[in-house]
Amino acid sequence: MSSNLPTGWSQQPLENLCKRVSVGHVGETSSFFTECSGIPFIRSQNVRPNKVDLTDIKYITRDFHEKSKKSQLRGGDLLIVRVGQNRGDCAVLPEELGELNCANIVFARPERGYSHFLGAYFNTPKGRDSLLAISSGSAQLVLNTKSIAKLSVPVPPLSEAKMIGVLSQRFD
C-alpha cells in the first residue's frame, strides 16, 4: 500500500475491480448502420470526459448487435476512448440507455459500486495522465486493452467509493 493513500485504501490493477475489461468491435462497421432505428452504436466521438454524448449517434442492425456479443455494453460500464483526438476520454455509461454496442472503445465492467468512482478517478489529471502514459504506437498512439486492465488505480473501501461516485456526479 502506498503511503500517499488514505487509511484503508489500496493500489490495485483495474482488472481486480472489474468483471471484465474488453474492447468494442474493431473493424468495418458502416455497412451495418441503419437509419435512426436499431441498436445505438457508441463510437469514440460519443465519449467525452464524464459524459456520453448521443448527438451524432449511429445505429446498427439488430443482427450485427446479436453477432457482436463481445462489444455489447451495459449501464455502469466505464468507457475509455482508445485512439484518436480524444484518446483517454472516459465516461460511465448511464443505466437508462438500454441496449447498446460499441466500436473501438475500451470498456470495463466494474463490480457494483465502483463505476462512478473509477469514472471520477480517470477524469482527474492524475487518472487521465496514467491512461495517456500507457499509450503505444508510432504512427498513431493507442491505448491497449491489456495495459488498461493492468493499470494500477487507487481503491477505497466500497462505502467510500460509492460516496465519491455520488459526489462526483453532482459536479458534472
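General observations
- Extension gain for Asp63 to Ser136 (0.36 nm times residue separation, less C-alpha to C-alpha distance): 22.9 nm.
- In this structure, Ser152 and Thr55 have a Cβ-Cβ separation that, at R0 = 41 Å, corresponds to a calculated FRET efficiency of about 0.75.
- With all protein chains kept in place, the per residue accessible area of segment 104-172 amounts to 53 square angstrom at a probe of 1.4 angstrom.
- Placing +1 on the Cβ of every Lys and Arg and -1 on the Cβ of every Asp and Glu, with no other charges, gives the chain a dipole of roughly 380 debye about its Cα centre.
- The slack between Ser31 and Arg48, meaning 0.36 nm per residue of separation minus the straight C-alpha distance, is 3.6 nm.
- Among the listed pairs Lys67/Lys126; Lys67/Lys146; Lys67/Lys162; Lys69/Lys126; Lys58/Lys126; Lys19/Lys51, those with a Cα-Cα distance over 29 Å are Lys67/Lys126; Lys67/Lys162; Lys69/Lys126; Lys58/Lys126.
- Sulfur and carbon atoms: percent of accessible area, the chain [1.4 Å]: 52 percent
- Each peptide in 158-166, 114-122, 82-90, 98-106 was scored by the mean count of other Cβ atoms within 10 Å over its residues; highest first, the order is 114-122, 98-106, 82-90, 158-166.
- Shape of segment 27-172, Cα gyration tensor, a/c cut at 1.5: oblate
- Mean sequence separation of contacting Cα pairs (under 8 Å, at least six apart), scaled by the length of segment 1-86, corresponds to a relative contact order of 29 percent.
- Glu111-Leu167 FRET efficiency (beta carbon distance; Förster radius 25 Å; 0.05 resolution): 0.80
- Given charges at Cβ of Lys, Arg, Asp, Glu: the chain dipole, positive-most of Trp9, Gln45, Phe107: Trp9
- Value of relative contact order over the chain, rounded to a whole percent, pairs C-alpha under 8 Å and six or more apart: 29 percent
- Net length gained if the chain between Arg74 and Glu160 were fully extended (0.36 nm per residue, minus Cα distance): 28.6 nm
- Rounded to the nearest 20 debye, dipole of segment 18-106 from Cβ charges on Lys, Arg, Asp, Glu: 380 debye
- Helix 158-170 vs. the chain, principal-axis angle (Cα, 0 to 90°, nearest 10): 60 degrees
- Near Leu132: Cβ cut-off under 15 Å, other residues only, Lys/Arg at +1 and Asp/Glu at -1. The net charge is +2.
- Pairwise FRET efficiency - Asn144 versus Gln11, Cβ, R0 = 30 Å, nearest 0.05: 0.90
The values are calculated or read from the model by the stated rules, or taken from the named source; none is laboratory data. Keep in mind it's a predicted model, so treat the numbers as computed, not measured. No Cβ is skipped: glycine too gets one built from the backbone with ideal geometry, and neighbour counts run over all protein chains shown. Accessible surface is based on the protein model in full, side chains and every heavy atom, while ligands, DNA and RNA are left aside. Shrake-Rupley method; radii C 1.70, N 1.55, O 1.52, S 1.80 Å.
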